[in-house]
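K.L.:
Got a structure for you, written out below as structure tokens; questions coming shortly.
The values are calculated or read from the model by the stated rules, or taken from the named source; none is laboratory data. This is a predicted model, so every value here is computed, not measured. Reconstructed Cβ throughout: ideal geometry from the backbone, glycine too, with neighbour counts over all protein chains shown.
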Amino acid sequence: MKKIYIKEEYCIACRLCEIYCQVKHSKSKKILKAFKNETDILSRVLVEEIGYNSFAIQCRHCEDAPCVEACISGAMQKNKNTGIVTCDEKKCVGCWMCIMACPYGVIKRDLSEKKVASKCDLCGDEEYPVCVRNCPNEALQFKDI
Amino acid sequence: MALKLNQSEFEIVRDKGKCISCQVCVRQCSNDVHEYDEDDGTVLSDNSKCVGCHRCETLCPTGSIKIKRRESEFKSNANWTAEHLKNIYKQAETGGVVLTSMGCDKPYPVYWDHILFNASQVTNPSIDPLREPMEIKTFIGRKPDRLELKPVRESGSNIIRFKNNLEPQLELSVPVLFSAMSYGSISLNAVKSLAKAASEFGTFYNTGEGGLHKDLRGYGNNTIVQVASGRFGVDKDYLNSGAAVEIKIGQGAKPGIGGHLPGEKVNYDVSTTRMIPEGSDAISPAPHHDIYSIEDLSQLIYALKEATEYKKPVGVKISAVHNVAPIASGIVRAGADFISIDGFRGGTGAAPQVIRDNVGIPIELALAAVDIRLREEGIRHKVSLIVAGSIRSSADVIKAIALGADAVYIGTAALVALGCHLCQKCYTSKCNWGIATQDPYLTKRLNPEIGTRKLINLLTAWSHEIKEMLGGAGINAIESLRGNREHLRGVGLNEKELSILGIKHAGEAW
């Protein structure tokens with residue numbers, strides 16, 4: 001499967017990946033509307049920074065995903081065909097066990113409506129995830145293993 | 001603190017309706033222009049710190065930022081221009097030399113823009129480069145006095161070979177090389193982009209006087225190593241790891257002036273590359289302390305040829321000054337295989353503004369004068385001419401070659417391809433585009449993979465355009481254009497300018 005690779009030496013900490021991820025997961029999908037009218041849109045990618053070192057990290061879609069193991073409601077599933085780990089927000093009960101289990105800390109609590117776990121879905125409907133497409137320095141790459 | 005008399009040069013116009021306070025501009029500006037106000041969730045900008053590099057404008061996801069030149073409030077005065085006033089205010093405040101970067105930006109005539117290229121009509125056919133072969137390969141190096149050939153029998157067939165061995169030559173797939181820009185003046189990622197692009201495209205980059213970083217030794221076949229007055233990083237290995245050696249006497253942006261890399265910028269990597277102690281100032285003297293005559297220069301040329309076992313061309317780089325033609329003649333006689341001439345518009349990492357804007361001559365006139373002088377003396381073939389100092393497009397390349405150049409160096413154009421916006425603030429080492437800086441937070445911004453791709457694209461595009469223009473003029477090899485001034489005509493030039501350029505005025509036929 002195709003995964004997102006991080007080239008931390010070229011991450012410039014502009015956080016455009018976070019911004020475009022928020023737009024992608026907004027209701028309107030339009031940057032101005034999303035930021036002006038919608039509240040609490042979570043970015044599923046997170047830029048970590050210490051000094052001048054930085055990198056953008058999102059769900060690694062682990063082969064043996066601990067979040068799927070930990071999920072009590074069956075909301076967190078790994079698609080056998082695509083390999084993408086997604087959270088079915090209708091089934092999610094907000095117990096946060098996935099957050100406890102995730103070794104990368106890339107699942108977030110979405111408290112905007114019903115409590116659900118929010119995580120990267122690899123923008124399944126797009127050719128490239130928006131974080132990859134909008135990284136100005138190609139610090140994120142989407143390629144086959 | 002006395003009142004500062006200078007006003008800001010730029011105005012940051014932020015469209016509040018579009019700004020989403022995402023703070024990309026805040027994070028990207030190394031001059032701390034933008035600031036996020038947490039109390040009311042808005043981003044504020046301080047015009048006085050803006051250098052006009054357009055980084056924020058380019059990265060703003062909603063296009064809410066526009067950098068505008070702030071109109072001067074001074075009473076209009078053709079003599080006491082705003083620049084003169086601002087510089088005096090600055091100097092009255094600091095007592096120092098006004099520093100600047102990149103090439104001269106004053107409105108001196110740009111002769112390229114007063115020269116037009118020819119095309120074929122009816123009496124001689126033009127050539128379509130997409131259908132017919134078009135040769136733009138170029139060789140840099142000393143050519144033989146006459147062509148002496150001999151037939152030899154090799155592996156069963158008769159072929160023609162040169163009678164005498166040729167002097168060492170550089171083979172370029174396009175008559176464009178990357179100018180000398182040292183590691184130190186530009187970031188390692190910028191040098192890597194140049195080195196990779198040169199090696200993939202089949203041309204050369206130049207180390208400048210900063211030595212050769214260990215990561216770049218692998219690109220030796222496409223490297224011109226420079227020996228400048230500071231002799232930084234020069235040893236036998238260095239000389240032999242490049243394909244050619246260039247002695248730097250002068251630089252177009254600052255003829256007669258040395259260089260000074262402040263100790264703060266001499267980090268571990270730069271210090272090992274330059275072979276000087278960490279944190280020490282790297283001072284390049286104005287002259288080479290062992291060169292006071294053409295004979296002295298000859299000694300250095302032959303010392304370098306000895307060190308490289310006569311296997312590599314050795315050239316000399318000078319800036320275009322008033323006596324450039326006789327100086328070039330002397331350099332040929334001193335034994336140089338190529339001469340690089342840098343016009344007064346050539347770029348720099350740092351130079352006193354008064355020097356950059358007032359010293360030297362335009363490269364077009366220098367090139368024409370040198371080419372004519374060397375032809376008159378019958379020594380033009382002994383040397384290749386590489387010209388530099390603001391080659392902005394493939395048209396400038398074509399015109400330079402028709403004026404007599406063998407190839408051109410591009411420095412500023414290459415940096416612009418890497419993202420440079422010519423804000424002329426290289427000397428602050430805060431380049432927001434990751435080019436003219438050593439700050440690890442900023443150098444990351446130039447991904448050498450992207451840089452290499454952009455440079456190769458630029459060379460590819462220029463090659464296509466050069467071939468199209470050659471074909472249009474009915475020429476199928478760049479060799480046939482070299483010094484072929486009949487293909488050039490001047491517009492809006494006076495008799496003297498035309499005679500120095502050695503071209504006719506537009507409207508004059510053969």
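K.L.:
Could you identify the single residue in B:Gly404, B:Gly360, B:Gly378 that is touching a Pro at 6+ places or on another chain (Cβ under 8 Å) and assigned by TED's automatic domain parsing to the domain that holds B:Cys423?
P.N.:
B:Gly360
K.L.:
Pick from the range B:477-488 the residues that are assigned to a helix (DSSP H, G or I) and buried (at least 20 other Cβ atoms within 10 Å of the Cβ): which of them is farthest from the chain's Cα centre (by Cα)?
P.N.:
Only one residue tops the list, namely B:His487.
K.L.:
While we're here: Go through (1) farther than 21 Å from B:Ile475 by Cα; (2) assigned to a strand (DSSP E or B); (3) in contact with a Lys or Arg (Cβ under 7 Å, 6 or more places away or on another chain) for B:Leu116 and report which single condition fails.
P.N.:
Evaluating B:Leu116 over (1) farther than 21 Å from B:Ile475 by Cα; (2) assigned to a strand (DSSP E or B); (3) in contact with a Lys or Arg (Cβ under 7 Å, 6 or more places away or on another chain) leaves (1) as the failure.
K.L.:
Please state which of the following conditions A:Lys3 fails to meet, knowing it meets all the rest: (1) crowded, with 20+ Cβ neighbours inside 10 Å; (2) within 14 Å of the chain's Cα centre (by Cα).
P.N.:
Only one criterion is unmet by A:Lys3, namely (1).
K.L.:
Give the residue that is nearest to B:Pro109 (Cα to Cα), with candidates limited to residues of the range B:372-420 that are charged (D, E, K, R) and over 18 Å from the mean Cα position of the chain (by Cα). Steps first, answer last, please.
P.N.:
Of the residues in the range B:372-420, the ones charged (D, E, K, R) are B:373, B:375-377, B:380, B:382, B:392, B:396, B:399, B:406.
Narrowing further to those that are over 18 Å from the mean Cα position of the chain (by Cα): B:373, B:375-377, B:380, B:382.
Numbers: B:Arg373: 23, B:Arg375: 26, B:Glu376: 27, B:Glu377: 29, B:Arg380: 27, B:Lys382: 31 Å.
Filtering first and then ranking leaves B:Arg373.
Residue-by-condition table, conditions (1) of a type in the set (A, V, I, L, M); (2) within 21 Å of A:Trp96 (Cα to Cα); (3) within 18 Å of the chain's Cα centre (by Cα); (4) away from chain B (no Cβ under 12 Å):
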position	(1), (2), (3), (4)
A:Tyr10	no, no, no, no
A:Lys24	no, no, yes, yes
A:Ser28	no, no, no, yes
A:Cys59	no, yes, yes, yes
A:Cys62	no, yes, yes, yes
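K.L.:
In the range B:75-87, which residues are assigned to a loop (DSSP other than H, G, I, E, B) and surrounded by 13 or more Cβ atoms within 10 Å (Cβ to Cβ)?
P.N.:
If the condition is that a residue be assigned to a loop (DSSP other than H, G, I, E, B) and surrounded by 13 or more Cβ atoms within 10 Å (Cβ to Cβ), then B:Thr81 is the only one that fits.
K.L.:
May I ask you to list the residues in the range A:12-22 that are more than 8 Å from every other protein chain (Cβ to nearest Cβ) and buried (at least 24 other Cβ atoms within 10 Å of the Cβ)? Spell out the reasoning first.
P.N.:
Start the filter on the range A:12-22 by keeping residues that are more than 8 Å from every other protein chain (Cβ to nearest Cβ), which leaves A:17-18, A:21-22.
A:Cys17, A:Cys21, listed by residue number.
This table checks each residue for (1) closer than 14 Å to B:Ser394 by Cα; (2) of a type outside the set (A, V, I, L, M, F, W, C); (3) free of Cβ contacts under 8 Å to residues at least 60 places away in the same chain.
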| position | (1), (2), (3) |
| --- | --- |
| B:Thr452 | no, yes, no |
| B:Asn457 | yes, yes, yes |
| B:Ala477 | no, no, no |
| B:Arg482 | no, yes, no |
| B:His487 | no, yes, no |
| B:Gly492 | no, yes, no |
| B:Glu495 | no, yes, yes |
| B:Ser499 | no, yes, yes |
| B:Lys504 | no, yes, yes |
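K.L.:
Return yes or no: is B:Ile301 over 27 Å from B:Asn221 (Cα atoms), assigned by TED's automatic domain parsing to the domain that holds B:Ile361 and β-branched (Val, Ile, Thr)? First the steps, then the outcome.
P.N.:
Numbers: over 27 Å from B:Asn221 (Cα atoms): no; assigned by TED's automatic domain parsing to the domain that holds B:Ile361: yes; β-branched (Val, Ile, Thr): yes.
Against the criterion (over 27 Å from B:Asn221 (Cα atoms), assigned by TED's automatic domain parsing to the domain that holds B:Ile361 and β-branched (Val, Ile, Thr)), B:Ile301 does not qualify.
K.L.:
Now a separate question. Which of the helices (runs of 4 or more DSSP H) contained wholly in the range B:396-476 include at least 1 residues that are under 20 Å from B:Phe204 (Cβ atoms) and of a type in the set (Ser, Thr, Tyr)?
P.N.:
B:412-417, B:448-472
K.L.:
Another question, then. Tell me whether the range B:71-78 contains one or more residues that are touching a Lys or Arg at 6+ places or on another chain (Cβ under 6 Å) and not assigned by TED's automatic domain parsing to the domain that holds B:Ala369.
P.N.:
no
K.L.:
Name the one entry in B:Val174, B:Val152 that is in the same structural domain as B:Arg375 (by TED's automatic domain parsing) and either surrounded by 10 or more Cβ atoms within 10 Å (Cβ to Cβ) or not in a loop (DSSP other than H, G, I, E, B) (or both). Break it down stepwise before answering.
P.N.:
Numbers: B:Val152 fails: in the same structural domain as B:Arg375 (by TED's automatic domain parsing).
Going through B:Val174, B:Val152 in turn, the sole match is B:Val174.
K.L.:
Scan the range A:42-57 for residues that are part of a loop (DSSP other than H, G, I, E, B), closer than 14 Å to A:Cys131 by Cβ and within 12 Å of chain B (Cβ to nearest Cβ) and report the count.
P.N.:
Of the residues in the range A:42-57, 1 are part of a loop (DSSP other than H, G, I, E, B), closer than 14 Å to A:Cys131 by Cβ and within 12 Å of chain B (Cβ to nearest Cβ).
K.L.:
Moving to a separate point now. Restricting to the range A:127-145, and then to whatever is among the charged types (D, E, K, R) and part of a loop (DSSP other than H, G, I, E, B), can you tell me which residue is nearest to the chain's Cα centre (by Cα)?
P.N.:
It comes out as A:Glu127.
K.L.:
For the range A:105-127, how many residues are more than 22 Å from A:Lys27 (Cβ to Cβ) and surrounded by 15 or more Cβ atoms within 10 Å (Cβ to Cβ)?
P.N.:
Here the count works out to 1.
K.L.:
What about B:Asp296, is it among the acidic types (Asp, Glu), surrounded by fewer than 24 Cβ atoms within 10 Å (Cβ to Cβ) and in a helix (DSSP H, G or I)?
P.N.:
Values: among the acidic types (Asp, Glu): yes; surrounded by fewer than 24 Cβ atoms within 10 Å (Cβ to Cβ): yes; in a helix (DSSP H, G or I): yes.
Judged against the criteria, B:Asp296 is a match.
K.L.:
A further question follows. Scan B:Lys90, B:Lys66, B:Lys106 and give me the residue that is in a strand (DSSP E or B) and either touching a residue at least 12 places away in the same chain (Cβ under 8 Å) or touching a Lys or Arg at 6+ places or on another chain (Cβ under 6 Å) (or both).
P.N.:
B:Lys66
K.L.:
Could I ask something else about it? Looking at the range B:109-123, I want the residues that are touching a residue at least 60 places away in the same chain (Cβ under 8 Å) and have a partner that is of a type in the set (D, E, K, R) and not in a helix (DSSP H, G or I) with Cβ atoms under 9 Å, at least 6 apart or on another chain. Which pairs are those?
P.N.:
B:Val110/B:Arg345; B:Val110/B:Arg392; B:Trp112/B:Arg392; B:Ile115/B:Arg489; B:Leu116/B:Arg489; B:Phe117/B:Arg489; B:Asn118/B:Arg489
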